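One structure is given here, and the rest of the page talks about it.
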Amino acid sequence: MKILVTGGAGFIGSNFLRYMVNKYPNYEFVNYDKLTYAGNLDNLLDIDSMPNYSFVKGDVCNLDFLTEILRDVDVVIHFAAESHVDLSIGNSLAFTKSNTYGTHVLLEAARVCKVKKFIHFSTDEVYGDIINGKFSETDKLDPSNPYSASKAAAEMIVQAYSKTFKLPIIMTRGNNNYGPYQYPEKIIPRFATDLMMDRKIPLHNPNPFRTYLHVDDTSRAVDIILHKGVIGETYNIGTEDEFRNIEIAKKCLDYFGKDESYIEHVQDRPFNDLRYSVVLTKLQNLGWKQEISFEKGFIDTLKWYEENRAWWEKLILKN
Ligand code: NAD
């Protein structure tokens, strides 16, 4: 089986590749990534010389190139996207281009090349927020920011390709991930790296809840969906581990031995979803269960950032 992974130099894509390349020596993996500021081949140093792994630099908006690359590919797993909500509020067009148009181009290339399976990685943010209860896969999409809207729009095109062209598609919707190699713009690595540099941590709104799943559990979920997921179905990937932003801030302060004077209250997003939560029964019925508790995964992640200063200092200096 030859699998093309888009966005494989980013946080989740690189974790997935590291897991899969080692687990399936008989599968061939191609990492297709544009290498934006968030794409980093240092994330893949431990697998880049493996015989079943290769890297191709490319944009998901490039139809001609993709149609060439996908010729002998069996499966596409699509992670590539602009992923940072705050940036989408500043430059939303880049999000529509890569996340919506780019997904459309990739679907078209997959259709022309008769790809046998297309797994689209979306986000639970497409449902919008929910104050009480949980969203299941059949609930309506109601995104609130340009990032989640670009992902929801991509889902509409994915659905159209599934219905009109019978492209064999499986949809997944992940909740917030955390873990090693996450770009230090997202909440946990941002707070950790700021505190390690003795800087204050920017908190735009203490109240919203977010759920946090360790990225290793997400990779295991996508592996299970690849092998056992049903074509045409959608699977939420998530956890019940939910915390307010202020709780994450305090946990980081505790770990690094700092007090609350290190919190800098900054202006909130113009609109900030208060809570996301998803039903996980469909994924669990495929045999997946969360293996890494937040308590353990969070401490391991902060330790990883302490022990891998060179990895993140390079990114902070570059940008
Ligand atoms: P990331 O920002 O760390 O990585 C994104 C990767 O995509 C980078 O390597 C980047 O170079 C690449 N990329 C961006 N635009 C591209 C383009 N036009 N062509 C080719 N490559 C391009 O993101 P991530 O956190 O790893 O997220 C991966 C996917 O998971 C995204 O689709 C995101 O929407 C989704 N997601 C992320 C989370 C999360 O918590 N991180 C949660 C739910 C869903």
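The values are calculated or read from the model by the stated rules, or taken from the named source; none is laboratory data. Owing to the predicted nature of the structure, the values given are computational and were not obtained by experimental measurement. Please note: Cβ atoms are built from the backbone with ideal geometry, for glycine as well, and neighbour counts cover all protein chains shown. Quick note on the areas: whole protein, heavy atoms, side chains included, nothing else; ligands and nucleic acids left out. Shrake-Rupley method; radii C 1.70, N 1.55, O 1.52, S 1.80 Å.
Side notes on the structure shown:
- Derived scalar couplings ³J(HN,Hα) [the stretch 103-114; Karplus, 6.51 cos²θ - 1.76 cosθ + 1.60; whole Hz; x for Gly, Pro]: 5, 4, 4, 5, 4, 5, 4, 5, 5, 4, 8, 6
- Over 13 Å [Cα-Cα, the stretch 171-235], rounded percent: 71 percent
- For the stretch 113-184, the solvent-accessible area with a 1.4 angstrom probe is 39 square angstrom per residue.
- Gaussian network model of the chain, springs between alpha carbon atoms under 10 Å - residue of F298, F121, F256 with greatest fluctuation: F256
- Expressed as a whole percent, the accessible surface of the chain that belongs to carbon and sulfur atoms is 51, based on a 1.4 Å probe.
- Residue-averaged 222 nm ellipticity for the chain, from DSSP H runs of 4+ at -39500 (n - 2.57), nearest 500: -11500 deg cm²/dmol
- Charges were assigned to the Cβ only: +1 to each Lys and Arg, -1 to each Asp and Glu. The resulting dipole of the chain about its Cα centre is roughly 740 debye.
- With Cα atoms, 0 to 90° folded angle of helix 187-196 axis to the chain main axis: 50 degrees
- Charge dipole (Cα centre; +1 on Lys/Arg Cβ, -1 on Asp/Glu Cβ; no other charges) of the stretch 125-218 amounts to roughly 160 debye.
- Accessible area per residue in Å² at 1.4 Å probe, computed on the stretch 1-106: 41 Å²
- For the stretch 111-188, the spread of Cα coordinates along the three principal axes comes to 40, 32, 21 Å, biggest extent given first.
- When the chain is described by a simple charge dipole with +1 on each Lys and Arg Cβ and -1 on each Asp and Glu Cβ, the residue from A109, G8, L253 located farthest towards its positive end is A109.
- Taking 0.36 nm per residue of separation and subtracting the Cα-Cα distance, full extension of the segment from I89 to E307 would add 75.2 nm.
- Against the chain, whose longest principal axis is taken from its Cα atoms, helix 309-318 shows a tilt of about 80°.
- The value of relative contact order for the chain, using C-alpha pairs under 8 Å at least six residues apart, is 18 percent.
- Percent RCO, i.e. relative contact order, over the stretch 103-165, from Cα pairs under 8 Å lying at least 6 residues apart: 42 percent
- 0 to 90° range, to nearest 10: angle between helix 146-164 axis and the chain longest Cα axis: 20 degrees
- Length-normalised contact order for the stretch 38-173 - Cα pairs under 8 Å, 6+ apart - percent: 29 percent
- Rg/Rh, computed from the Cα trace of the stretch 1-93 with Rh as the Kirkwood radius, has the value 0.99.
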